[in-house]
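The structure under discussion appears below in the form of structure tokens.
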Ligand SMILES: [Zn+2]
């Protein structure tokens, strides 16, 4: 499993293929993808360990669908690295770690919430006294249908009202680190962050093991120059 490398949006973590995104930035400004330049995301920053394909996708499926719990330890180590990479931005001394919840029916089916296992495994690796996993902060009130194949807009509709904050006193005026297995379009993370912020969280960070990269960005590499970008455009 390879860690993502290259140039990424400093907010949502999407790969940025254009080398121009990194030039001519005014002092200290971080590069942003087209979407994050247009709409200010509700979370402070989202980061992932690797691309959601190949061996990493298989590992996540082993955990979620084959219910091989030890896979959570391997994935948790990757997640720990992601949390460490976000750490310089943390404004609070201690953070509340909140796994994205599953609907009670799914937890019953699977026997566990995989995001909760991942959060615990990562925090065990980090051994930080400043990270407090509180799984009961968020509740999934709506059992959403699978997001696969839905457009961004349909995903937003599907997610509306899916989460509620069960313990607002735990997060009021606190920074929250949201943990999930995969960041796809960011709809789930954005909806969780929205309700957390509305319930009083001062900031929401997002750490996932994997993320899907937009197809057109998958083969382009930042910094490889104009020629490659043009040849990619010509092939498209
Ligand atoms: Zn972005």
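Since every read-out is calculated from the coordinates, none of them should be taken as a lab result. Bear in mind the structure is a predicted one, so any value in this text is a computation, not a measurement.
Observations
- Note on the range 141-216: Rg/Rh from C-alpha atoms, Kirkwood Rh, equals 0.99.
- Counted residue by residue at 0.36 nm each, then reduced by the alpha carbon distance between them, the extension gain from residue 124 to residue 214 reaches 29.2 nm.
- For the range 1-135, pairs of C-alpha atoms spaced more than 18 angstrom apart make up 62 percent of the total.
- Using alpha-carbon coordinates, inclination of helix 187-198 to the longest axis of the chain, degrees: 60 degrees
- Mean residue ellipticity (222 nm) of the chain, computed from DSSP H runs ≥ 4 via -39,500 (n - 2.57), nearest 500: -10500 deg cm²/dmol
- Theoretical gain in end-to-end length, residue 157 to residue 106 [0.36 nm per residue, Cα-Cα removed]: 16.3 nm
- Debye log10 I(q)/I(0) at q = 0.08, 0.09 Å⁻¹ for the chain, Cα point scatterers: -0.30, -0.38
- Taking Cα atoms only, the orientation of helix 71-86 departs from the longest principal axis of the chain by about 60 degrees.
- Here the gap between residue 141 and residue 37, fully extended at 0.36 nm per residue and compared with their Cα-Cα distance, gives a gain of 34.3 nm.
- Angle in degrees between helix 54-64 and the longest Cα principal axis of the chain, rounded to the nearest 10: 10 degrees
- Mean separation of Cα contacts under 8 Å, 6 or more apart, over the residue count of the chain: relative contact order %: 27 percent
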